[in-house]
Amino acid sequence: METKTLVSLLFFAFVAWGCNNQQDTREESKTQKEIVRDNAEAYLKPNMNDPESYEFVDLTLMDSVIYADNVEYRKNHFSRDLESNRRSLERQEEYKDGALSSMYNEEEVAKLEERIGRNNKILEAIDSLEVALGDELNDVASYTYIYSFRGNNAFGAKVLNEYILQTNPAPDFEIINMTTDEKRIILNPNNFPGYQEMIKSFYPDR
């Protein structure tokens with residue numbers, strides 16, 4: 001191969017590498033807000049009445065949830081359930097030796113004792129996971145945004161829409177929930193590392 005031809009090939013290869021590298025750098029340099037906006041638009045537009053009428057208005061970060069929040073949420077949930085089962089078991093014991101002995105139910109007692117034992121073990125497992133997570137407890141589990149845009153409705157009129165948007169943490173910020181109803185907000189998105197595997201061991205059929 002002639003030297004001139006080799007130099008030309010190397011030059012074009014370098015230019016191509018430079019272009020690809022610049023594109024990768026641009027992708028990496030996107031801000032969190034830009035990534036979330038791109039994900040929201042990709043998630044939303046296919047379901048719009050008129051995707052071509054879409055106009056972005058605003059994206060505002062409202063809140064973030066860390067793994068420690070989700071640990072506390074789960075502890076509270078199982079603690080409440082445990083306390084409820086204990087009260088029900090005490091009531092059954094009162095029935096057994098009291099005037100309402102006919103309301104005593106051995107099968108119900110067995111179920112309550114099983115639930116109490118399981119909830120105690122789950123709470124112990126959550127405590128162990130919490131210790132194992134260490135500093136990771138402060139990592140973000142999810143973000144919540146207010147996302148607004150304009151678009152044509154079914155009658156062709158352009159209207160302002162506002163959604164509550166929940167995403168995964170970095171680096172993908174994937175959309176996990178988009179709703180206009182506050183009641184549909186996920187209270188503890190993504191739980192915390194190890195939780196799903198642990199809970200599956202107690203409820204294998206779920």
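Values in this text are rule-based calculations from the coordinates and carry no lab data. These numbers come from a predicted model, not from an experiment.
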Would you mind getting the Kirkwood hydrodynamic radius of region 108-177 from its Cα pairs, rounded to one decimal in Å?
-> 16.6 Å
Which log10 I(q)/I(0) values, to two decimals, does region 82-206 give at q = 0.10, 0.11, 0.12 Å⁻¹ under the Debye formula with one point per Cα?
-> -0.60, -0.67, -0.74
What is the mean projected area of the alpha carbon convex hull for region 68-136, to one decimal in square nanometres?
-> 4.7 nm²
Return the subset of LYS30/LYS75; LYS33/LYS121; LYS45/LYS75; LYS30/LYS200; LYS30/LYS158; LYS96/LYS200 for which the Cα-Cα distance in this structure is over 32 Å, preserving the input order.
-> LYS30/LYS75; LYS33/LYS121; LYS45/LYS75; LYS30/LYS200; LYS96/LYS200
